[in-house]
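The values are calculated or read from the model by the stated rules, or taken from the named source; none is laboratory data. Since the model is a prediction, treat every value here as computed from it, not as a measurement. FYI the Cβ positions are ideal-geometry reconstructions off the backbone, even for glycines, and counts take in every protein chain you see. What goes into the accessible areas is simple: the full protein's heavy atoms, side chains included, and nothing from ligands, DNA or RNA. Shrake-Rupley method; radii C 1.70, N 1.55, O 1.52, S 1.80 Å.
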Amino acid sequence: MSTVVTPSAAGTAAKASPRRNPRHFSRGVRRAVNSAHVVTAVGLVGVELVMVMLGLMARNTGDDAVRHMTYETMRSLVYAAGIPLAVLALVSGVVLCLRTPWGLWKHLWIQVKIVLLFLVIGIGAGAVSQWVRTLEDKSAPGADASGIATFQWLQLGAVGVQITALVVATFLSVYKPSGSRRVSRDARGRRAGRG
C-alpha cells in the first residue's frame with residue numbers, strides 16, 4: 001500500500017525540520033560580510049570626497065610646493081585606499097549575492113550596482129590614477145605646467161562621476177526598486193521563532 005503525501009503534510013514536515021540552505025550564509029556570517037561590504041563602500045565614498053577636496057585645493061592654491069604635495073598625496077590615496085576599497089566592496093557585494101537568497105542575477109538593481117562598481121574601479125584605475133600622476137609630474141618644480149588646467153578638470157570630473165555612481169548604488173541598496181523580496185507569512189513566523 002502506498003502513502004500519499006498531501007501538500008499540507010509536506011508543508012508540516014518542512015516546518016518540523018528547518019534546514020538551512022547550504023549555499024546560504026548563516027545569519028552571523030551574513031551580517032559580518034554585509035558589515036564589511038557597507039564599511040568598504042562607505043570608506044570608498046569618503047576617499048572620493050577627499051579626492052574632490054584635494055583636487056579643488058590643488059587647483060586653487062597659489063603655492064607650487066603645496067600643489068605638488070597635494071597631487072602626491074592624491075596618487076597615494078588612489079593606490080592605497082581608493083582602488084583596494086572599490087575591489088573589496090565589489091567582492092563582498094558579489095559574495096553576499098551568491099550566498100544569500102538575493103542571488104546575483106535575480107534582480108536588475110543588483111546587476112546595476114555591480115556595473116556601477118566596475119565603472120568606479122575602471123575610472124579610478126584607468127583614468128584618475130593616470131591623470132593624478134600627470135598632474136604630479138606637471139606640478140613638480142621646474143616641470144612644464146602647460147595643460148595642467150585640463151587635467152585638473154578631467155580629474156575632478158572623473159571623481160564626480162565616481163561619486164555619482166556610488167550614490168546611485170547606495171540608493172539602489174536601500175530602495176531595491178522592483179526587486180524587493182516579499183517574505184511570506186510562514187517565513188516571517190520562522191524568523192520570529194528563531195528570534
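Among residues of region 156-179 that are more than 28 Å from Leu54 (Cα to Cα) and open to solvent by 40 Å² or more (accessible area, probe 1.4 Å), those with a beta-carbon under 9 Å from a residue that is assigned to a helix (DSSP H, G or I) and modelled with pLDDT of 90 or more at least six positions away or on a different chain give the pairs Pro177/Phe171.
Considering region 41-159, the qualifying helices (runs of 4 or more DSSP H), each wholly inside and each with 2 or more residues that are of a type in the set (Phe, Trp, Tyr), run over 108-123. The number of residues in region 58-73 being hydrophobic (A, V, I, L, M, F, W, C) and either touching a Cys at 6+ places or on another chain (Cβ under 8 Å) or under 18 Å from Thr150 (Cβ atoms) (or both) comes to 1.
Restricting the first member to region 132-152 and to residues that are open to solvent by 50 Å² or more (accessible area, probe 1.4 Å), and the second to residues that are of a type in the set (A, V, I, L, M, F, W, C), the beta-carbon pairs closer than 8 Å and six or more apart or on different chains are Asp137/Ala143; Pro141/Ala65; Phe151/Trp131; Phe151/Leu135.
Considering Val128, Val115, Val94, Val42, the condition of being open to solvent by less than 70 Å² (accessible area, probe 1.4 Å), over 30 Å from Ala145 (Cα atoms) and at pLDDT below 95 is satisfied by Val94 alone.
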